[in-house]
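Accompanying notes for the structure given below.
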């Protein structure tokens with residue numbers, strides 16, 4: 001048996017995942033009677049998962065029961081959860097039932113070697129991202145491409161906050177809505193892993209107060225985890241770019257990723273990046289030149 005407690009968030013997540021599916025989507029077979037709410041009925045999920053309706057109802061209600069791994073896998077299959085959603089479900093079981101007085105995660109440090117690495121890839125934009133998508137460090141090209149994060153107040157040096165709330169980000173990303181929704185989903189994954197992180201809860205509250213779209217995304221309990229892909233931008237200085245990004249997890253700290261943006265060699269986007277670097281040569285200081293910068297509030301230098 002899985003020795004995990006239940007939580008209200010776990011039940012809300014199951015309900016949200018159930019509401020997005022039609023019987024046809026889930027292979028639940030023909031249905032009878034009018035449906036008062038969208039999505040699958042609880043009894044349909046229970047049948048697909050091979051458990052009793054009463055047992056599944058108790059799962060959604062957050063009762064203090066301890067489902068086996070087999071039951072959780074069956075519920076995941078019934079709800080058509082992808083790998084990120086399944087991992088989030090398990091995180092909610094493991095973490096959200098923890099004592100709310102449990103201390104939050106420790107401060108994040110940036111190793112000197114990582115700062116050197118950022119400098120070494122100085123021709124391409126690179127960011128070091130921590131929990132909540134906090135911008136822990138970056139190079140000059142990243143600050144020229146996006147925004148000068150170290151010049152912002154410490155509490156605002158967060159990629160998700162900037163992406164969703166800053167009008168300049170909305171203008172920069174040609175697929176802003178998709179990227180912003182993914183950022184909200186990634187934040188939900190982070191909160192599931194670290195439910196007692198006060199800064200994460202504060203960030204969610206700020207985004208919910210200031211963004212109607214974020215409130216809708218958050219209410220849907222969707223999660224997202226994309227470590228690679230393409231971003232399309234319209235930069236106010238150099239015009240349109242199409243960049244590949246790779247997010248590389250750091251083995252010594254699974255809550256930190258190095259995200260590098262690159263253009264196809266010889267492409268117009270590569271030329272635009274080179275032009276951006278030359279035009280902004282004196283605008284955004286490098287990491288080395290920021291020796292006196294104040295780190296974000298929970299970042300501790302080792």
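Things worth noting here:
- Footprinting exposure proxy for 190, 148 (fewest neighbouring C-beta atoms within 10 Å first): 148, 190
- By the count of neighbouring beta-carbon atoms within 10 Å, fewest first, 55, 143 end up ordered 55, 143.
- Ordering 18, 170, 41, 140 from the fewest to the most neighbouring beta carbons within 10 Å gives 170, 41, 18, 140.
- Packing-based order for 270-280, 72-82, using average beta carbon neighbours within 10 Å, highest first: 72-82, 270-280
Readers should treat all values here as calculations from the given coordinates under stated rules, not as data from a laboratory. Being a predicted model, the structure only gives us computed values, none of them experimental. As a convention, Cβ positions derive from the backbone with ideal geometry for all residues, glycine included, and neighbour counts pool all protein chains shown.
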